[in-house]
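Working notes for the structure below.
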Amino acid sequence: MVKDDLLFEDEESKEFKIKTASIIYYYFLAKISELFDTIFFTLRKRDRQVSFLHVYHHTFTVGFSWCTARFEPMYIFIFIGAINSFIHIIMYAYYGLAAFPNLTKYLWWKKYITKMQLIQFFLMIIHLISSHVSSLCRSSNIWVFALVANNLLFVYLFSNFYVKEYLKRRLPEETDHKSISDVTITNDVSHHKMDKIKST
């Protein structure tokens, strides 16, 4: 039952709020477990992977999920948790397969996980804005603004990571291949000239 954009505090709405808060709380627990990433990377001395992006992303999601469960247990945030969990299932499946050296040749799709994460952030921004405009049970303006701004920051950070990790790394490789090809062509021409000189 809805009135003046707020749910009446009847038994049905209370039960709905409790269920929503419970779902968000379980999502919060899942985010805490993801902090073990940082611990494992540190123990394995993979300092490169303990980047600002990694630490900030995981720290923010823990704080966001706790604050949402505690202060803003709105159903519009369930979509955010669902799509984020789906992406992380794929991501951790990749990590699990990467633990087996004989399977690394099948893991060509790593960069597509980053692309999926970027699509995820755009979907979250669209969902937050559209739900806030059209929903009868809105979250606070400050909270929605903070989440939209943070997702825009994630878009920037993940885009920057994608460019450095997949685009800029490919350029030196292409340059090396071109250099090798040029050397091969030059050698072929030289051998051809030598053969002509000998024949004369």
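Just checking, does the range 33-42 include any residue being surrounded by 14 or more Cβ atoms within 10 Å (Cβ to Cβ), closer than 21 Å to residue 124 by Cα and out of contact with any strand residue (DSSP E or B) (no Cβ under 8 Å at 6 or more places or on another chain)?
Yes: one or more hits.
Out of 157, 152, 167, I need the residue that is in contact (Cβ under 8 Å) with a residue 40 or more places away in the chain and either over 18 Å from residue 79 (Cβ atoms) or hydrophobic (A, V, I, L, M, F, W, C) (or both). Which one?
Being in contact (Cβ under 8 Å) with a residue 40 or more places away in the chain and either over 18 Å from residue 79 (Cβ atoms) or hydrophobic (A, V, I, L, M, F, W, C) (or both) holds for just one of 157, 152, 167, which is 157.
Does at least one position in the range 99-119 carry a residue that is of a type in the set (Ser, Thr, Tyr) and under 28 Å from residue 13 (Cβ atoms)?
No, because not a single residue in the range 99-119 is of a type in the set (Ser, Thr, Tyr) and under 28 Å from residue 13 (Cβ atoms).
Taking only the range 14-45 into account, find how many residues are charged (D, E, K, R), over 14 Å from residue 72 (Cβ atoms) and either touching a Gly at 6+ places or on another chain (Cβ under 7 Å) or part of a helix (DSSP H, G or I) (or both).
Of the residues in that region, 6 qualify.
Looking only at the range 75-89, decide whether some residue is touching a Cys at 6+ places or on another chain (Cβ under 9 Å) and over 19 Å from residue 155 (Cα atoms).
yes
Do you know which residues across the range 63-73 are among the hydrophobic types (A, V, I, L, M, F, W, C) and over 20 Å from residue 155 (Cβ atoms)?
Once the filter is applied, which keeps residues that are among the hydrophobic types (A, V, I, L, M, F, W, C) and over 20 Å from residue 155 (Cβ atoms), the range 63-73 yields 66, 67, 69, 71.
Filter the range 29-62 down to residues that are of a type in the set (Gly, Ala, Ser) and over 18 Å from residue 158 (Cα atoms) and give me whichever is modelled with the highest pLDDT.
Ranking the qualifying residues of the range 29-62, first place goes to 30.
Which ones in the range 122-170 are closer than 18 Å to residue 112 by Cα and not hydrophobic (A, V, I, L, M, F, W, C)?
156, 159, 160, 162, 164, 165, 166, 168, 169, 170, listed by residue number.
Output the number of the condition that residue 111 fails; it satisfies all remaining conditions of (1) in contact (Cβ under 8 Å) with a residue 40 or more places away in the chain; (2) in contact with a Lys or Arg (Cβ under 8 Å, 6 or more places away or on another chain); (3) surrounded by fewer than 16 Cβ atoms within 10 Å (Cβ to Cβ).
It is condition (2) that residue 111 fails.
Across the range 66-91, which residue is surrounded by the fewest Cβ atoms within 10 Å (Cβ to Cβ) among those that are hydroxyl-bearing (Ser, Thr, Tyr) and at pLDDT below 90?
Checking each candidate, the answer is 75.
Mind checking which helices (runs of 4 or more DSSP H) fall wholly inside the range 106-200 and carry at least 1 residues that are modelled with pLDDT of 75 or more and of a type in the set (A, V, I, L, M)?
110-134, 141-162
The values are calculated or read from the model by the stated rules, or taken from the named source; none is laboratory data. For clarity, every value in this text was computed on a predicted model and none was experimentally measured. For neighbour counting, all protein chains shown are included, and Cβ atoms are generated from backbone atoms with ideal geometry for every residue, glycine included.
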